[in-house]
Structures are given as structure tokens and as C-alpha cells.
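Student: Before we start, here is the structure in question, set down as C-alpha cells.
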Amino acid sequence: MTKSSGSTTLRARLGTVAVVFLAAMLLVVGLSGTTEAVGPGRERFGDERLRTLVAEHDSPAELVSAVAEAVAEFRVGARTDDLTLLAIQRHKSDDDSDDESSSVDDEVVSDTVRP
């Protein structure tokens, strides 16, 4: 899932996805243990809850923590799948030109919680 001015969801199953990663973008990758966590009434955590959390958090570190906490609160019963989330954000430096290929400061945060 990427976040910039809009939101796009990409799904890849045992394949490769190429993403043009521009400055000021946030890339979020959550594996099945995130969106398929089972809650009340056997409802799944789902993409929409993940999208909402992405929209509410600008910092990768805050986002990863918030998603882990939200999934833990949502889930009913024992965890049966790992929770893996990767958030990468590119920050444009103040002295960079408007050229998207200029250098950026990267922030990468990942977390895996195993059952």
C-alpha cells in the first residue's frame, strides 16, 4: 500500500511488484497476518482498517506501532499467523530541487510479531 496525495493498494502473490518511489511517499507493506487477523464475529481486520491507520499516521514508526496495537486489540483468540509490517518513507531534503530524482532522507521501520 502506498500513500502520497492519494492511496493505492497493490497485491502481489508470489511475484514482483515494481513501484516508482518518489520523494515524500510512504510505502506500507503488510502481510496476511495483518489484514486477515480475525476479530469479533469472525470478521477480518481488512484493508480498510489498515488504510485508515495509514491515513492517520505520518511517521513510519508511529504507524507500525499503531497497526500492531490495533490488530492486537481487534483480534479474538490466540494469534495463529505472524504480524509483519514494513513502512518506508522518503523525505525530501530542504535544499533539494523539485526534481524527483534528487537525494532524499529515507526512514525504514519494520516489525514482525510471531505467534
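Student: Considering only residues of the stretch 16-47 that are part of a helix (DSSP H, G or I) and over 12 Å from V67 (Cα atoms), which is least open to solvent (accessible area, probe 1.4 Å)?
Tutor: Kept after step one, since they are part of a helix (DSSP H, G or I), are these residues of the stretch 16-47: 32-35, 40-42, 46-47.
So of that shortlist, the ones also over 12 Å from V67 (Cα atoms) come out as 32, 40-42.
On the way: S32: 52, P40: 80, G41: 81, R42: 179 Å².
By that ranking, first place goes to S32.
Student: Tell me, which residue of the stretch 57-72 that is open to solvent by 90 Å² or more (accessible area, probe 1.4 Å) and under 12 Å from the mean Cα position of the chain (by Cα) is modelled with the highest pLDDT? Even if it seems obvious, please write down each step before you answer.
Tutor: Of the stretch 57-72, the ones open to solvent by 90 Å² or more (accessible area, probe 1.4 Å) are 58, 62, 69.
From what's left, under 12 Å from the mean Cα position of the chain (by Cα): 58, 62.
Values: D58: 79, E62: 91.
By that ranking, first place goes to E62.
Student: One residue is enough: does the stretch 73-89 have a residue meeting the conditions in a helix (DSSP H, G or I), open to solvent by less than 70 Å² (accessible area, probe 1.4 Å) and among the acidic types (D, E)? Talk me through it step by step, then tell me what you get.
Tutor: Of all residues in the stretch 73-89, those in a helix (DSSP H, G or I) come to 73-74.
The next check asks that each one be open to solvent by less than 70 Å² (accessible area, probe 1.4 Å); those that pass are 74.
Subsequent filtering for residues that are among the acidic types (D, E) retains none.
No, that holds for no residue.
The values are calculated or read from the model by the stated rules, or taken from the named source; none is laboratory data. Keep in mind that what you see is a predicted model, and the values were worked out from it rather than measured. Each accessible area value is taken on the protein alone, full model and side chains, heavy atoms only, with ligands, DNA and RNA left out. Shrake-Rupley method; radii C 1.70, N 1.55, O 1.52, S 1.80 Å.
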